[in-house]
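The structure under discussion appears below in the form of structure tokens.
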Amino acid sequence: MEYNCVLKTILDRVSIRKFKYESIPLDIVQRIIEAGIRAPTAGGGEEWFFIIVLSEAKRRRIHELLKKAHILYAEKLLRRPLSRSRLEKWIKLMEEGQYLAPVYIAGYIDLRNPLYSNEYRELEELWAHQSIAAAFENMILAAWSMGLGSVWLGVPLLLEEEFNKVLEPPKGLKLAGIIALGYPDERPRPRKRKSLEEVSKII
Ligand SMILES: Cc1cc2nc3c(=O)[nH]c(=O)nc-3n(C[C@H](O)[C@H](O)[C@H](O)COP(=O)(O)O)c2cc1C
């Protein structure tokens, strides 16, 4: 079967965590954000905000925090923590530049002007997170289609305040995640998925 272009991008994509030391033209980054905000958004609300990080000093701070957050993840979050030797290997990779990207895009939820009545605030927040997740995926796929790699980063939520100090979001916004973006400096093998039978049924 011939795949159309979108399907090929979806099927080829892998997360990239090691990037070339090469900046990305701003208009390309902006096209990626534009692809993001074409995503479906609950109630047409567009309750999202994106911070594009290009500053070298900020990127280095973010990289440091990503290392700290990933160590926290490995030592505290995982039910089966990584062995000391695996963790040390990971730390070494991070110290050698894993996760250091020429661009980070931080995504925030903006519920300052809610669409729905107060009793549905929780649902509105959930929908806002689902909407921004769709935007993240659009950006990741748009980037891949242009030869750029990325990884969606959830660990910043473990150190939200510290990341916010660096990212300086407008008051009242909530961090949803960060995308690290750059030209790939690795070619990871596609990560296996559960079979269709395991994760679906026909009724
Ligand atoms: C919500 C979310 C949070 C993630 N957080 C991280 C993260 O903090 N660090 C990381 O290295 N990868 C993170 N990832 C990437 C996943 O590890 C990756 O997508 C998964 O292992 C499958 O690999 P693939 O994207 O190459 O197919 C995250 C992905 C999602 C969807």
For segment 83-99, does any single residue satisfy the condition of being within 17 Å of the chain's Cα centre (by Cα), more than 16 Å from the ligand (Cβ to nearest atom) and without any contact (Cβ under 8 Å) to a residue 24 or more places away in the chain? no
Among the residues of segment 161-184, are any more than 18 Å from ARG59 (Cβ to Cβ), in a strand (DSSP E or B) and not hydroxyl-bearing (Ser, Thr, Tyr)? yes
For segment 155-203, what are the residues that are surrounded by fewer than 16 Cβ atoms within 10 Å (Cβ to Cβ) and basic (Lys, Arg)? LYS165, LYS171, ARG187, ARG189, ARG191, LYS192, ARG193, LYS194, LYS201
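For GLY45, state whether it is closer than 22 Å to LYS174 by Cα, small (Gly, Ala, Ser) and out of contact with any helix residue (DSSP H, G or I) (no Cβ under 6 Å at 6 or more places or on another chain).
yes
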Can you tell me how many residues within segment 126-172 are farther than 27 Å from PRO114 by Cβ and more than 13 Å from the ligand (Cβ to nearest atom)? 7
Sort out which residues of segment 22-46 are outside any helix (DSSP H, G or I) and within 23 Å of VAL155 (Cβ to Cβ), and write them in order of number. ILE24, ALA39
If you check ILE62, ILE52, which single one turns out to be within 29 Å of ILE24 (Cβ to Cβ), within 13 Å of the ligand (Cβ to nearest atom) and modelled with pLDDT of 95 or more? ILE62
Considering residues of segment 1-21 that are within 16 Å of the ligand (Cβ to nearest atom) and part of a helix (DSSP H, G or I) only, the residue surrounded by the fewest Cβ atoms within 10 Å (Cβ to Cβ): LEU11
Taking segment 134-152 and keeping only residues that are more than 17 Å from THR41 (Cβ to Cβ) and either part of a loop (DSSP other than H, G, I, E, B) or out of contact with any strand residue (DSSP E or B) (no Cβ under 9 Å at 6 or more places or on another chain) (or both), one is left with SER145, MET146, GLY147, LEU148
Would you confirm whether or not segment 91-110 contains a residue that is of a type in the set (D, E, K, R), in a helix (DSSP H, G or I) and modelled with pLDDT of 95 or more? yes
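The values are calculated or read from the model by the stated rules, or taken from the named source; none is laboratory data. This is a predicted model, so every value here is computed, not measured. Quick reminder, even Gly has a Cβ in these numbers, built from the backbone with ideal geometry, and neighbours come from all protein chains shown.
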